[in-house]
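Here it is, the structure in full.
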Amino acid sequence: EDEQRYAPNLLLKGLLTTCRLAIWSMLLAAIIGVVMGVMRTSTRLFPRMISRLYVEFVRNMPPVVFIFIFYFFISSQLVPILGIDEISVKASPSTLAILEVILGPPELFSNVISGIFCLAIFEAAYITEIVRAGIQSIERGQIEAGQSIGLSRFHVLRWVILPQAVQRMVPPLAGQFITLIKDSSIVALISIQELTFLAQEVAVSTQHVFEIWIFVAGMYFCICYFLALLFGRLERRLSVYRA
C-alpha cells in the first residue's frame, strides 16, 4: 500500500531465488558433469583417476556436511577472490538492473553465487555418472566405424557418440534437475534466502507453522510436477525421433 503497486511477498521472493539457484546451478553442473563424464571414459589413467576421486568424494559424503565444508572453507575464499562483493558497488545502474533479474538483490549476490557453486559442484558428481553411462551405452562398433573412416578420437566423440548419448541422457538429467530443485532447500542452512529459509522466517514471525509449511510443500510440488510433465513430453518426442 505504501508504494501503490503489487510487490512479491517473502515466499514469492524465496521462490524466485530458488528458481535462480536451480537454473544456474544446473547449467554449471552440466558443464562440470560433461567434462568429468568424458574424463571418466578416457583411455588415460590420470583423467579417470581425477574424475573418479571427485565423484566418490562427493557422492559418499552427506549433503549437509558437503555444503558446510564447501561454504566455510572454499566459497568464503573464492567469492572475495572473484570480487563479487564489489559488484554492487562498482557496477553501473544498468548492469545492476540486469544482474538483479539474473541473481536477485545486489546485496545478496555473494550469498546466491556461493549457493550456486555449492549446489553445482554437488550435483555435478551425479551428472558425471549420467554422462559416463550415456557414453558407455553406445555400441563399440559405432566407435570403431568412426575410427575406420579416419575420424580422430575427438571427432568420434563429437559426431558419433555424443549425439546419440545425449538422447539417452535426457530422462535421467531431467530427473536430476527436479532433484536439484528439491535439494536447493539445503542451502537454507548457510543462510541463503531461498524458499525454505524465508518460509522459516515467515512461520516464526506469524506463528502459523503448519499452514506455512503446507503451502510451501504445495509450491515445491507444483513446480516439480509441472517439470515432470514437461520432461515426460520431451522424452516421448525424443523416443519418436529415435524410432
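In µm²/s, what is D for the range 102-151 at 10 °C and 1.306 mPa s, where D = kT/(6 pi eta Rh) by Stokes-Einstein and Rh is the Kirkwood radius from Cα pairs?
Once the numbers are plugged in, D ends up at 112 µm²/s.
Report the Stokes-Einstein translational diffusion coefficient (µm² s⁻¹, integer) for the chain, Rh taken as the Kirkwood radius over Cα pairs, at 10 °C with viscosity 1.306 mPa s. Show your work: numbers first, answer last.
Numbers: Rh = 20.2 Å.
Value of D from the Cα-based Kirkwood radius: 78 µm²/s.
A further question on this structure: Report, as a whole number in µm² per second, the diffusion coefficient that Stokes-Einstein gives for the range 34-79 at 37 °C and 0.692 mPa s using the Kirkwood radius over alpha carbon pairs. Present the calculation step by step, with values, prior to reporting the outcome.
Details: Rh = 11.9 Å.
Translational diffusion coefficient: 277 µm²/s.
Expressed as a whole percentage, what fraction of the accessible surface of the chain belongs to carbon and sulfur atoms when a 1.4 Å probe is rolled over the protein heavy atoms? Write down the numbers at each step before the final one.
Numbers: 9560 of 14360 Å².
Carbon plus sulfur share of accessible area: 67 percent.
Write down the radius of gyration of the range 69-187 and its Dmax, each obtained from C-alpha positions, in Å.
According to the Cα coordinates of the range 69-187, Rg and Dmax are 20.1, 58 Å.
When only alpha-carbon atoms count, how far does the range 145-220 stretch along each of its three principal axes, as whole angstroms with the largest first?
70, 23, 10
If you don't mind, there's one more thing I want to ask. Starting from the alpha-carbon convex hull of the range 1-126, give the projected area averaged over all orientations, in nm². Numbers along the way, then the final one.
Numbers: hull surface 39.7 nm².
Reported value for the Cα convex hull: 9.9 nm².
Over what distance in Å are the Cα centres of the range 23-94 and the range 124-140 separated?
A separation of 19 Å, based on Cα centres.
Let me ask you something else. Mind grabbing the base-10 log of I(q)/I(0) for the range 62-114 at q = 0.20 Å⁻¹? Debye formula, identical points on the C-alpha positions, no solvent, two decimal places.
For the range 62-114, the Cα-only Debye profile gives -0.71.
If you don't mind, another one. Which of the peptides 169-182, 13-26 is most tightly packed, and how do the rest follow, judged by the mean count of other Cβ atoms within 10 Å per residue?
Details: 169-182: 17.9, 13-26: 21.1.
The most tightly packed comes first, giving 13-26, 169-182.
Please report, largest first and rounded to whole Å, the three semi-axes of the ellipsoid equivalent to the range 199-243, where each semi-axis is the square root of five times an eigenvalue of the C-alpha gyration tensor. Working shown, then result.
On the way: eigenvalues 297, 9, 3 Å².
With the √(5λ) rule applied to the range 199-243, the semi-axes are 39, 7, 4 Å.
Right, another one. Of the residues 119, 45, 108, which exhibits the maximal mean-square fluctuation in a Gaussian network model of the chain defined by a 10 Å Cα contact cut-off?
45
Compute the Rg to Rh ratio over the range 104-243 from the alpha carbon atoms, using the Kirkwood formula for Rh, and round to two decimal places.
Details: Rg = 20.7 Å, Rh = 18.2 Å.
Rg divided by Rh gives 1.14.
The values are calculated or read from the model by the stated rules, or taken from the named source; none is laboratory data. Small disclaimer: the values here were computed from a predicted structure and weren't measured. Don't worry about glycine lacking a Cβ; one is built from the backbone with ideal geometry, like all the others, and counts go over all protein chains shown. Just the protein is used for accessible areas: all its heavy atoms, side chains included, with ligands, DNA and RNA removed. Shrake-Rupley method; radii C 1.70, N 1.55, O 1.52, S 1.80 Å.
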